[in-house]
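Structure, as structure tokens:
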Amino acid sequence: MSISSRSLAAAIATVSLVAAGSVPAAEGAFRLAGARPSDDLESLYAPFGQGGYRARANVRTSADWYSGYFTVWTDDLGLRRGRQPGTATKPGDEVDFLFLGSSQGFGQGVSYEETIVGQFRSAAIAHGHPAVKVANASVGGHYLENQLEIAHWLVNEQGVSCRTLVVLIDAYVLESIGAYNRVTVSEDGKLWGSDPSWLSRVVFWAKTHTAIYGVFRNAYWNVVGMDDDLGPVAFYRTGDAYEDRMSAALRKEMNPLLDLAHDSNADLYLAYVPSTVEFDFSNVSATAAQRGLAVDAEAPFRRLERVAGQSGVPLIDLRPPLAARAKAGQPLSLKGDPHYNADTSRAVGAYLWTQIPWPDAADNQGGLNGQG
């Protein structure tokens with residue numbers, strides 16, 4: 001359901017019915033109009049590793065948020081897949097491209113076919129490679145340490161091999177370098193930062209069991225408006241001491257990535273995935289000034305570029321397609337959500353395909369461009 005076009009009248013009607021004690025009547029009316037409860041990604045996650053998490057295997061779930069409706073399917077390994085059989089990965093598979101990343105790589109807020117990775121695969125097929133095998137191990141909220149844990153599990157325990165390893169890195173991942181994201185995973189597969197309170201559980205129940213919740217939420221935000229989350233301003237901090245410390249942490253993190261690529265006989269690429277706020281930085285700058293912080297939209301990319309060069313790893317800059325869309329006045333993100341919308345993902349996925357060489361048919365061994 002996506003009924004964001006409904007006016008404040010929907011919210012007023014809901015409140016009136018609730019106030020009159022007619023919750024069942026309101027619920028029935030909205031369901032007759034096509035509204036449905038949101039699965040809210042129920043059952044998606046499972047505990048993993050050292051207090052971390054991953055997506056569960058063979059999940060079929062969805063969410064209907066203010067930003068819109070989307071589905072999430074996973075395969076036998078818990079990797080995100082599409083509806084087509086060729087998008088699934090099994091233990092022991094050899095894949096052409098294995099993607100690591102966080103929420104932008106996962107494609108938070110859009111269905112698989114509208115994600116960066118899904119569009120990368122579509123671009124490969126459109127260029128005459130229908131048998132291309134692409135696996136996406138990205139998980140929303142993951143730090144690089146969490147993703148390395150997933151990658152080692154895939155390679156060493158599940159027998160997955162890859163010809164090219166692509167690590168999608170944004171400012172969030174760079175800021176968390178060296179850290180490990182630990183969370184609580186409830187029995188129903190929901191992520192919580194800590195043990196959920198009774199109120200949190202009540203709200204989640206309302207999301208997943210009533211149509212009223214979504215109708216009222218969407219109507220409310222349509223009236224008051226919702227600004228895209230700026231993300232922590234600290235992602236863009238500058239200053240020699242800070243940048244030197246974070247660069248050192250990133251250089252240290254490059255070693256396990258290089259080892260993973262070497263052990264897998266795979267090419268390794270880093271790809272900088274910009275935040276949409278980097279193309280309209282005025283609000284970030286203003287907020288930083290209020291906090292007495294010096295910020296620069298270029299700071300995360302500059303840090304990654306320096307360390308990638310020192311490590312001899314190719315770096316793909318994914319800013320050009322976003323810059324082109326921003327210059328044309330096209331929206332970059334979902335409504336009320338800083339994650340890429342479908343059109344931005346399509347532009348980024350297609351552009352990324354052009355940046356990674358495909359192997360010659362006569363030489364299909366040991367990596368795509370000789371690094372392996």
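The values are calculated or read from the model by the stated rules, or taken from the named source; none is laboratory data. Not measured: the values here are computed from a predicted model. Glycine gets a Cβ as well: all are built from the backbone with ideal geometry, and neighbour counts include every protein chain shown.
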Tally up the residues in segment 250-298 that are part of a helix (DSSP H, G or I), surrounded by 13 or more Cβ atoms within 10 Å (Cβ to Cβ) and touching a residue at least 40 places away in the same chain (Cβ under 8 Å), please. 17
Checked segment 88-104 for anything assigned to a strand (DSSP E or B) and more than 22 Å from the chain's Cα centre (by Cα); matches are E94
Kindly list, by first and then second residue, each pair from a residue in segment 64-85 that is surrounded by fewer than 19 Cβ atoms within 10 Å (Cβ to Cβ) to a residue that is modelled with pLDDT under 95 and among the small types (G, A, S), limited to pairs with Cβ atoms under 7 Å and residues at least 6 apart or on different chains. Y66/S4; Y66/G336; Y69/S2; Y69/S62; T71/S62
For segment 303-327, the count of residues that are among the basic types (K, R) and either surrounded by fewer than 17 Cβ atoms within 10 Å (Cβ to Cβ) or within 18 Å of the chain's Cα centre (by Cα) (or both) equals 3
Which condition breaks for Q330 when tested against (1) surrounded by 14 or more Cβ atoms within 10 Å (Cβ to Cβ); (2) under 26 Å from Q119 (Cα atoms)? (1)
Can you pull out every residue in segment 149-169 that is within 13 Å of L257 (Cα to Cα), hydrophobic (A, V, I, L, M, F, W, C) and not in a helix (DSSP H, G or I)? L165, V166, V167, L168, I169
Starting from residues that are in contact with a helix residue (DSSP H, G or I) (Cβ under 8 Å, 6 or more places away or on another chain) and of a type in the set (A, V, I, L, M), keep the ones in segment 333-352 and report whichever is surrounded by the most Cβ atoms within 10 Å (Cβ to Cβ). V348
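Looking at G92, G128, can you tell me which residue is more than 18 Å from A55 (Cα to Cα), of a type outside the set (S, T, Y) and without any contact (Cβ under 8 Å) to a residue 12 or more places away in the chain? Quick ask: steps written out before the conclusion?
Values: G92 fails: without any contact (Cβ under 8 Å) to a residue 12 or more places away in the chain.
The conditions single out G128.
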